[in-house]
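Below: one structure, written as structure tokens.
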Amino acid sequence: MGDTLQLSASDLVGHLNCRYLTELDLKVAYGELAKPKIWDPVLETLAERGALHEQGFIEHLKAAGAAVTVIDGVGIDAAAVTATTEAMRRGDTVIIQGALQSGQWSGRADVLRRVETPSRFGAWSYEVTDTKLARETKGNTVLQISFYSDLVSSMQGSAPASAFVVTPGTQYEPEPYRIADYAAYYRHVRGSLERAIASPTEGAYPEPIEHCDICRWRNHCDERRRADDHLSLVAGISKSQAGELERRGVHTMAALAAVPLPLLWRPDRGAAQSYEKIREQARIQVDGRAQAAVIYEVLPQIAGFGLSRLPEPSAGDIFFDFEGDPFVGEGGLEFLFGYLYADDQGTLRYTGDWASTRQEERAAFERFMDFVTVRLQTHPDLHIYHFAPYEPAAIKRLMGRYATRENDVDSLLRAERFVDLYAVVRHAIRASVESYSIKKLEPLYGFERAVPLEDVRVVMARTQARLELADANNIAEPDKAAICGYNRDDCASTRGLRDWLETLRGELIQSGASIDRPAIPEAEISPELDAWQKKIAALAMRLTHGVPDDASERTPEQQARCLLASMLDYHGREGKAVWWEYFRLRDLSAEDLLYERDGLSGLEFIKTVGGTTKRPVHRYKFALQDTDVRPGDALHSLGGEKFGDVEDIALDQRMIDIKEARRCG
């Protein structure tokens, strides 16, 4: 405005996330670059969702008897700032969309609430309340409420002690944040932006980050990364790996594809093997780009991984996929249980079980578990195929949430009925894709979707908005049908991928490869434990009879009964969670463990430093990695065998002393 840049909370949050964004916005402000025009229906839906959430909070305040003053308009002008100041001077109880300004900084706060703390206006002052859709308050939100509180402080002459955030599913209960706790953080980011404005430079690069999803410059930045052949285009590359490669003069995917193997240098962080892997990934992507096709190559077979994890196909196999929204209520909602299977005549059948409430989610979960249990009687060799680990994790979560079908879930997990095809693909093939999502892999097995992905993206956002705002009754039937069609495509694609992997396995065996099937684990639950759990389940059912599944609908007495029922087998459930985590870690590869805080990878034997003949203490050096391993922890080798106990660990020196496990014989 004139010669002065006006800065807002969005500028501050944008600068926190991406310095390159600040550079681009500065060029727009000075007329050097045109502001991009982008229409994103998903972002529109998010904005609508946010507005409805804010309006719901305002109605909540009115219902509680608060007098509400609304400042008209959307921008920051003299009239809006004057109206806000006058409302504060009068001592109005609640001010909506207050226009705040101090120097070149300005913004509109969702809600200003009067508190009885003196200010220049009188015996009262104001604190900020912001409405946010995110369940977890992140740095962006803390920065924003700190910014608004700073503007309020300038206008009223006294600093607010706290600011508040209202998230969905909390009955509009504001969560307090003490402003002084974040003041240094806020001053640091604000100072950084002010320096960037005062002395503009062009040193930033548009690294892909989470903020890209909602940024108006995302197409511009994606085009630049592709024009630069940036390392971020390599599937699976980490930011630390890209940084190390750039320090060694490797700046493009093509350059990475040409790096000599084996590596001529030792990486500062991680194992050389992981860099060789991303080098080979870059090579096949460059080859695929030259051929204008998605190509693949088979990786060396490792026992227990890749194609060795494919069980024998069964006529009873199920192909399973959830559609969920983590922002519905407390803990999210799995709103569609989708599964594809063959009936007795071999005809493919699809079930899309919709759930809009907690009661419906529980019923859908129980129907799925009962379907699997009954099907096992006819097809005892069946498996449940899915892509990525979300489905079994959600099944565990639902079992714990509703304390139902616990033995059935436990049996499925013990018998390793769930088969993650993503884990199979990662260790079986290398493909010329930028990410190993099932959508990117579909050209390999010629799968064509009935529902276009772009069409369902908007429908999905609209539907999730309805669910999050407890407005499920207004979800249109065509929207439900579109999402079911999309989910059916996911299930069918999972089946297509399984069949393609089976064909690939057969071809490799015909050419002389030896690829085993996974061993069939023991899945039986002891009669004593089964009897105990049945007794617990019966008692829990009596305690929770008539208790709503949605905690927000329970009376205090019903909530107490529900908590008591949950306590009955608390230790049993906790024990299962420990074992589930053990089995998850057991099935990871050495490279996976390099990025797993609960594991340690890349150990290199140094010397014996103590112990006994039967249980010596060996010292190992390990690759640079983040780890939560500490003295006293028990360590297991790949496959789950006890390796030893940690005697000592020096993270700065990357040394660990392990007392070896006692060996038989």
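The values are calculated or read from the model by the stated rules, or taken from the named source; none is laboratory data. Source: prediction; values computed, not measured. With ideal geometry, Cβ positions are generated from the backbone for all residues, glycine too; neighbour counts draw on all protein chains shown. The protein model used for the area step is the full one, side chains on, heavy atoms only, and it has no ligands, DNA or RNA in it. Shrake-Rupley method; radii C 1.70, N 1.55, O 1.52, S 1.80 Å.
Observations on the structure shown:
- Mean Cα-pair separation over length for the stretch 512-640, i.e. relative contact order, pairs under 8 Å, 6 or more apart, %: 17 percent
- Between the helical axis of 139-156 and the longest alpha-carbon principal axis of the chain there is an angle of about 10 degrees.
- In the chain, the DSSP-assigned H stretches of four residues or longer account for a calculated mean residue ellipticity at 222 nm of -14500 deg cm²/dmol, using -39500 (n - 2.57) per stretch and the full residue count as denominator.
- About its Cα centre, the stretch 301-414 has a charge dipole of approximately 240 debye under the convention of +1 per Lys or Arg Cβ and -1 per Asp or Glu Cβ, with nothing else charged.
- Residue order for ASP72, ASP222, ASP516, ASP657 - accessible surface, 1.4 angstrom probe, largest first: ASP72, ASP516, ASP222, ASP657
- Mean Cβ count within 10 Å, highest first, over the residues of peptides 607-615, 583-591: 583-591, 607-615
- Each Lys and Arg contributes +1 and each Asp and Glu -1, all at the Cβ; summed about the Cα centre of the stretch 546-646, the dipole is approximately 720 debye.
- Accessible-area order (highest first, 1.4 angstrom probe) of the listed residues GLU54, GLU604: GLU604, GLU54
- Across the chain, Cα pairs under 8 Å and at least six residues apart give a relative contact order of 9 percent.
- Lys, Arg +1 and Asp, Glu -1 on Cβ, resulting dipole of the chain about Cα centre, debye, nearest 20: 1340 debye
- Cα lying deepest toward the dipole's positive end in the stretch 459-498, options CYS491, THR463, ALA476, charges on Cβ: CYS491
- Selection from LEU638, LEU568, ALA63, by position along the positive dipole direction of the chain (Cβ): LEU638
- Förster-model FRET efficiency, 41 Å R0, ARG187 and TYR570, C-beta, rounded to 0.05: 0.35
- Taking amide H atoms as placed 1.01 Å from N in the peptide plane, the amide H of ALA99 lies under 5 Å from those of THR84, each 5 or more residues away in sequence or on another chain.
- Dipole of the chain [Lys/Arg +1, Asp/Glu -1 at C-beta], most positive-end residue of ALA540, GLY446, PHE164: PHE164
- Take each peptide in 502-509, 416-423, count the other Cβ atoms within 10 Å of every residue, and average; sorted highest first, the result is 416-423, 502-509.
- Ordering of 432-445, 309-322, 538-551 by burial proxy (mean other Cβ atoms within 10 Å per residue, highest first): 309-322, 432-445, 538-551
- The stretch 366-419 and the stretch 220-280 have their alpha-carbon centroids 40 Å apart.
- Between the helical axis of 218-228 and the longest alpha-carbon principal axis of the chain there is an angle of about 50 degrees.
- Among the listed pairs LYS621/LYS659; LYS132/LYS440; LYS27/LYS138; LYS239/LYS621, those beyond 26 Å (Cα-Cα): LYS132/LYS440; LYS27/LYS138
- The angle between the Cα long axis of helix 41-63 and the main principal axis of the chain comes to about 60°, on a 0 to 90 degree scale.
- A 1.4 Å probe over all protein chains sorts MET655, MET399 by accessible area into MET655, MET399, starting with the largest.
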